[in-house]
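Here is the structure we will look at.
The values are calculated or read from the model by the stated rules, or taken from the named source; none is laboratory data. Because the structure is a prediction, the values reported are computed rather than measured. Here the Cβ positions follow ideal geometry from the backbone for every residue, glycine too, while neighbour counts run over all protein chains shown. The area values use the complete protein model at the heavy-atom level, side chains included, leaving out ligands, DNA and RNA. Shrake-Rupley method; radii C 1.70, N 1.55, O 1.52, S 1.80 Å.
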Amino acid sequence: MPSQAHNNNTLIVISGPTGIGKSAIAHELAKSLNADIFSADSRQIYKELQIGTASPNASELKEVNYHFIKHLSIRQSYDVGSYVTDCRAELNEYFNTYEIAILVGGTGLYVQSLINGIDQFPEVSEYAKTEVQNMLKSDGIAGLQSFIQIHDPQYYSEVDLNNVRRLTRAVEVIITSGSAYSSFKTQPKSNLNWNIIPVLLNVERQVLYDRINLRVDQMMKDGLWEEAENLYPYRSFQALDTVGYKELFACMDGQCTKEAAVDRIKQNSRRYAKRQLTWFKKYGDWIELPPDYEAVESLVSRILKQNPLSK
């Protein structure tokens, strides 16, 4: 249910799986409420990615004021901690003047970290980074797994043991701090002093999959292949390790036909949507609605009437 704060500032959160239509609904709602949109999409933040991320087009950007869209270059590194710091600062400034903002996006970690706060970890030392790289060279991923099992059995029991990035991060923090990585995840987090209306869009699974398939076909018609060709020289960048681009890069490398690449984009998009829904249902207390503008607008109007904005 909506969270209650002592002031009238309200953040309407519209999230859900890829392809469900959350951006279009948020855009219409923003026009109706004369509100700004704050993106929680870890790929729409890059200015070079347009078609493959379904970013707002030029006319939409003129109609509504967007934040964190085309915000950075793929050459720049950015993580959830930077996003939370930057987005909270912009929202706080925005709420000094306006009382309604809309957060929209499907990057679950961005959404939840912004709303609930983020774990505070120590700055990793250069010594720790070097030690981890040496560990990887000598023992591979098994070395990281063994280190965490010994020094932080709690985190070992919950982490994806095949995710090298997360294992690396945990070992670096343990070496730097001398404490278990999991100990930093249990510290109090700073919560927001805003009213939250948390909307999760969902629909029958096959309907969602059909939407995803159609959207991929439309992206190809809109020039996704040409966009990927222009980005091909930068394919090693982390920002481009993304569904829609990596499959086309594989095709350009001669690993498959274009038709097969498109099929893989559809398949990987469907899998991603399934993971997103699992994430959102595990984390957060959502009001689940169909991807229907009238349903969302009706809910928001009803809640705002219960908590009228100050004049």
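Of everything in region 133-151 that's hydrophobic (A, V, I, L, M, F, W, C) and over 14 Å from V173 (Cα atoms), which residue is most open to solvent (accessible area, probe 1.4 Å)?
Per the stated criteria, the residue is I150.
Please state which of the following conditions A58 fails to meet, knowing it meets all the rest: (1) under 29 Å from A261 (Cβ atoms); (2) aliphatic (A, V, I, L, M); (3) in contact with a Phe, Trp or Tyr (Cβ under 8 Å, 6 or more places away or on another chain).
All conditions are met except number (3).
Give just the number: which of (1) within 18 Å of S82 (Cβ to Cβ); (2) out of contact with any Ser or Thr (no Cβ under 8 Å at 6 or more places or on another chain); (3) not in a helix (DSSP H, G or I) does L161 not satisfy?
The one condition L161 does not meet is (1).
Only one of S183, S179 is over 18 Å from K22 (Cα atoms), open to solvent by 40 Å² or more (accessible area, probe 1.4 Å) and not in a helix (DSSP H, G or I); which? Quick ask: steps written out before the conclusion?
On the way: S183 fails: not in a helix (DSSP H, G or I).
The match here is S179.
Looking for something in contact (Cβ under 8 Å) with a residue 12 or more places away in the chain, surrounded by 15 or more Cβ atoms within 10 Å (Cβ to Cβ) and of a type in the set (G, A, S) - is there at least one such residue anywhere in region 215-229?
yes
Can we say D263 is open to solvent by 60 Å² or more (accessible area, probe 1.4 Å), of a type in the set (D, E, K, R), without any contact (Cβ under 8 Å) to a residue 24 or more places away in the chain and under 18 Å from T18 (Cβ atoms)? I'd like the intermediate steps shown before the answer.
Values: open to solvent by 60 Å² or more (accessible area, probe 1.4 Å): yes; of a type in the set (D, E, K, R): yes; without any contact (Cβ under 8 Å) to a residue 24 or more places away in the chain: yes; under 18 Å from T18 (Cβ atoms): yes.
It is true that D263 is open to solvent by 60 Å² or more (accessible area, probe 1.4 Å), of a type in the set (D, E, K, R), without any contact (Cβ under 8 Å) to a residue 24 or more places away in the chain and under 18 Å from T18 (Cβ atoms).
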